[in-house]
Structures are given as C-alpha cells and as structure tokens.
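Below: one structure, written as structure tokens.
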Amino acid sequence: MRLKRINLFTILVLSAVLYLAAQVKADNADSKTAKTTEDKSVSVKSKSIDLPYYPPDFPPGKGRELFISRCGVCHSLRYITMQPDFPEKTWTKEVDKMIKTYGAHIDKKEAREIVDYLISIKGKAAEKH
Amino acid sequence: MLLAATVAAGGLTGACTNVRQPDDFQNGSIIKVRDGLSVARFPEKEELIMLTDRPPQLETPLFYYRQDLTPNEAFFVRWHFSGIPTSVDLRTFRLDVGGHVQKPLSLTVDELRQQFEPVSLVAVNQCSGNSRSYFTPQVPGGQWGHGAVGNARWTGVRLKDILQKAGLKPQSMQVTFAGLDEPPLYSMHKFVKALDIDHANSDEVLVAYEMNGEALPLLNGFPLRLVVPGWYATYWVKSLAKIDVLRGKFDGFWMEKAYRIPKNANASEMPENLAKDTVPINKMNVRSILVRPDLSDLVRAGKPFEIEGIAFDGGSGIAKVEVSLDGGNSWNVAKLDNADYGNFSFKRWRLAWTPTSAGNYKIMTRATAGDGKIQGLQYWNKSGYMRNGIEQVEVPVV
C-alpha cells in the first residue's frame, strides 16, 4: 500500500516535471521560430509569431510622462534612444512632423514640454556653419 | 567622486551620462553595438542589432557578409508602422490585382505557385538609409550602421506575368503596391509604393514567395514580397497583398512626400541650403563595405591576413574593387570572387595583406561598377539616403 502511494506520487511528480519541461521547450521554440499551421487545403504552412517588446528606460524630468504617453502611442521609444544628440531646432522639427505629417494627438503646450524633455536627454548646442 | 565628476563635466548632455544604458541583451554577445542600441532576438531571427522594437527594426552584424547569401535568420528588418502582420493564414490570404485592368484577380499563394512560371534570381536588398548614422552632420531617422542590407536568392513569379493575366488596359501608367501592414492612426497614410508601368513590366521584377529556398520570415514579408532588383528596399513591399494599375501618376504620401532625394547627380544638398527639386529615390549607387577585419579579428605584424568585403550597385555589376592601407595614398586591386550570382548580387572581394609593422592602419575601399561609376567623396542629404562615399576604417595591427 505504502509502495503504491509512493509510486503514484512519483508518477504525479514526474508527469508534472515532464509537462513543465515541455512547456519550457515550447516557450523557447516560440521565441525563435514561428508557429506554423499545416492544412491540407494549402501547400505552404501559415505562420504566426509573438513579438517581444523591449521598452527602454528614461531619466526623470519635466515632461517625461507626457513624452512617454504621447510618443509611445504609435511607436517604440527606442526611436529616441537610438538618436544622437540634436539641437533644439531639430527636435522641434521632429515633433512638429509627428503632429502635422502623421496626425499625432499632441497640442501646442504639450509639444513644447515634449521638446524640452527631448533636449534634456538628447540635446546639444546648435551647430555653427 | 567619479559620479560627481561626470555630472559636473556633463553639462546639458550629461543628464543621460549616468542613465543605465539598455545593454542588458548585449552582455555575452560578440556583436558590437553603437550608442543607444542593443542586441535582441526576434521570432525566426538570430541575435541582431536592435534599433527599435515596435515596429521591429533590426540590423545585420557585418560578419554575416562573409558568405554570398545572407541567411534569412540574419537578414535585416525594417517596417514603418507598428501595425505589422504577425499572423498570416494562407487559407484566407489573397493577392488582389485590380485597378485599370481587364480582369481583376484574387490569387492564393498556391495559385501563384501553380499558375505561373517560377523564376529565381539573386539580388541585394538595401535600405535607402543604410549607413545613415555615419553622416556628418548627423541626421534624424533610423540610425543604421552598414547592416541594413542583405543578399538573397528570391524565388517567385514575374510581376509582368501577373499583370498580363489581369490584362492591362491601354494607357496604363503606374502600378501601386500595398502590404498587410497598417498605420497606428487613421490620420497616417498607408504604406503604398509605385513603379512606372515599363519598370513593372520588366523581366526582373518579381513577386517572391521564397527567400533562399524557404518561405520568407514574417518579419521579412511572409508570404509574398515585391522584389525590385537594383532599387532601394523601400520599393520591395513586404506582405504584398494589393496590386493596382493606374491610368495616371500615383500621388500617395510615400512617393510624393517621403523617400525623396535631391534632383542632382549625387543626390546632395547642404544643411543651410536644402534642395528645392526632389525626385523619388530609385536605383542604388555603387558601394563597397569592408567586412574583415572586424570585431575580434586580430591582425598581427608579419603574419598574412586576408582582408575581405562586399561590393554592389544598381545592376551594372562590379568591375573593380581597390583597397588602400595607408589612408588613400596608394591603392591595391582586390581579387573578385569567381562565384557569379549575376549583376544584382553582392560581389565579394579579397586582398592578401601582411602588415610589416605594428600600429594603426587606415583601410579604405573603393568599388568601380560595370557602368564606370566609381565611389568617391561622401555627399550629404537631409534624409541620410544613398550613402556610398569611400569609408575609412582604422585597424590596429599588433
């Protein structure tokens, strides 16, 4: 009876371990490959992937929350992380482009605050020609 | 103490000096990244240089160009909008062909494979803004190094065969191409590109369903991608789902406002004097990229070393590549590989080098195309497009 209980317990534990291992393996497979579905009606497999996200950090400062919430609506904030330092004129033009060309929902006062924050993290003096 | 010194010396830009850099993914990788970037792994991809994650923009590390064809897993990725297709069901997917045609089509991928003659060709796919990060003065935009380019064997059907099946009506002028990707706001213009009818009807423009013998990765445009050999990748519409023939000229945002270059020989302008006349970007110019030495390659005085790289242009082929080891004072002719993948492909080249003494060497490379065009000075434009000036890489010899 005791032996039987151990066996049952061992089987349960082993199954759980195997199940978890299979899950881990499946997760790893997901991150590297696409999920494909085979269907007799089509000769090529359909595909599906899950995109990973890597949100970057930004230093505290006036305008940080506004910048994150307004700009992050449409695109990754890595668009800013990857930029070199630019003068105020360039950042103003970029924010203006997002509003006028792409229709970003940012009003004038907010735009000013966002530009100021961008200058505080990626700003530099104007270039002299 | 060190912290205080950094802050004091930092000034305006010092604000970000002490911020944790997003290098979590860089640890343990052999891939070197520029400031503000990381390495990351995406589905169906190897570890690549990540510019952005939403939408994904991923750069190929240079060492992948030590082979003729760039593996699908390492091929660069560039999308415009966050609404990219992450799931495509081929039971419902259709390529619609319409507009100024006699018989609109709605084709499954299987129908494309079965009803048209399959064609294969090797061609370079290069982002308009490849190498943008190296412009002086620097310009805003995707801060690419040299890795927004790849060379693959594309298999599919000729666009002209599809157009013929649909039956072009007289006076067709342009053909537009749209994919499954969607902008995040209604106020944005869907990504649509156009080609002139003669170009669309040329032999080399394909609708590809395979890349290097396999279905395309989703991030590279599964299940179909327009292949426009010799032209910048902006025309190679991914997840192609709609082709429309127009009687007139397409006036969409992505042709009329974006991807424009100054209308002059070198697509050049000055920061304080921007070009007034512009045209849509088109054919690629000639360029060469040094691929080796790179990363941890150790070059030793008195030991033979093989310098290698790639060269390509818009389809006239590569006639010659020269390498300077002394900052441009003298030039040596590199040996072009015998492998012939056609004029739209990378041409790989090598130069045997045994540095006589230790020190820093200035390596420069210069390609000449089949049409006689040769790399020279680097010109500037506000968008950071078409970079092809002679680059100089400083290489330490020990």
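Odds and ends about this structure:
- Subset of region A:31-52 [surrounded by 13 or more Cβ atoms within 10 Å (Cβ to Cβ) and assigned to a strand (DSSP E or B)]: A:LYS35, A:THR37, A:VAL42, A:SER43, A:VAL44, A:LYS45, A:SER46, A:LYS47, A:SER48
- Considering region A:57-91, and only residues there that are touching a Leu at 6+ places or on another chain (Cβ under 9 Å) and among the β-branched types (Val, Ile, Thr), the residue that is farthest from A:ALA125 (Cα to Cα) turns out to be A:VAL73.
- Of the strands (runs of 3 or more DSSP E) lying entirely inside region B:55-126, not one contains at least 1 residues that are closer than 22 Å to A:LYS45 by Cα and facing chain A (nearest Cβ under 10 Å).
- Of all the listed residues (B:LYS263, B:LYS276), the sole one being in contact with a Ser or Thr (Cβ under 8 Å, 6 or more places away or on another chain) and more than 14 Å from chain A (Cβ to nearest Cβ) is B:LYS263.
- Residues of region B:237-277 that are small (Gly, Ala, Ser), without any contact (Cβ under 8 Å) to a residue 40 or more places away in the chain and closer than 29 Å to B:SER187 by Cα: B:ALA258 alone.
- For region B:378-398, residues that are charged (D, E, K, R) and under 12 Å from B:ASN360 (Cα atoms) total 1.
- Any hit, region B:155-172, residues being more than 26 Å from B:ASP251 (Cβ to Cβ), within 12 Å of another protein chain (Cβ to nearest Cβ) and surrounded by fewer than 21 Cβ atoms within 10 Å (Cβ to Cβ): no
- Checked against (1) outside any strand (DSSP E or B); (2) surrounded by 19 or more Cβ atoms within 10 Å (Cβ to Cβ); (3) among the hydroxyl-bearing types (Ser, Thr, Tyr), B:THR356 passes all but condition (2).
- Test for B:THR234: is it in contact (Cβ under 8 Å) with a residue 40 or more places away in the chain, under 18 Å from the mean Cα position of the chain (by Cα) and not in a loop (DSSP other than H, G, I, E, B): yes
- Test: B:PRO223 is within 14 Å of chain A (Cβ to nearest Cβ), touching a strand residue (DSSP E or B) at 6+ places or on another chain (Cβ under 7 Å) and free of Cβ contacts under 8 Å to residues at least 24 places away in the same chain: no
- Members of region B:298-307 found to be farther than 13 Å from B:LEU351 by Cβ and either of a type in the set (S, T, N, Q) or exposed (fewer than 12 other Cβ atoms within 10 Å of the Cβ) (or both), listed by number: B:LEU298, B:GLY302
- Residue check, B:ALA241 within 18 Å of B:PRO85 (Cβ to Cβ) and either of a type in the set (Lys, Arg) or over 20 Å from the mean Cα position of the chain (by Cα) (or both): yes
- Filtered by the rule that a residue be surrounded by 15 or more Cβ atoms within 10 Å (Cβ to Cβ) and over 30 Å from B:VAL228 (Cα atoms), region B:333-353 gives B:LEU351, B:TRP353.
- Check on B:LYS362, more than 27 Å from B:ASP68 (Cβ to Cβ), part of a strand (DSSP E or B) and at pLDDT 95 or above: yes
- Some residue of region B:2-14 being assigned to a loop (DSSP other than H, G, I, E, B), modelled with pLDDT under 95, farther than 30 Å from B:LEU185 by Cα and within 10 Å of chain A (Cβ to nearest Cβ): yes
- Given (1) within 14 Å of another protein chain (Cβ to nearest Cβ); (2) within 30 Å of B:GLY342 (Cβ to Cβ); (3) in contact with a helix residue (DSSP H, G or I) (Cβ under 7 Å, 6 or more places away or on another chain), number of the condition B:ALA215 does not satisfy: (3)
- Within region A:57-105, helices (runs of 4 or more DSSP H) holding 1 or more residues that are facing chain B (nearest Cβ under 9 Å) and of a type in the set (Val, Ile, Thr): A:78-81, A:88-100
The values are calculated or read from the model by the stated rules, or taken from the named source; none is laboratory data. This is a predicted model, so every value here is computed, not measured. Cβ coordinates were reconstructed from backbone atoms using ideal geometry, including for glycine residues, and neighbour counts include every protein chain displayed.
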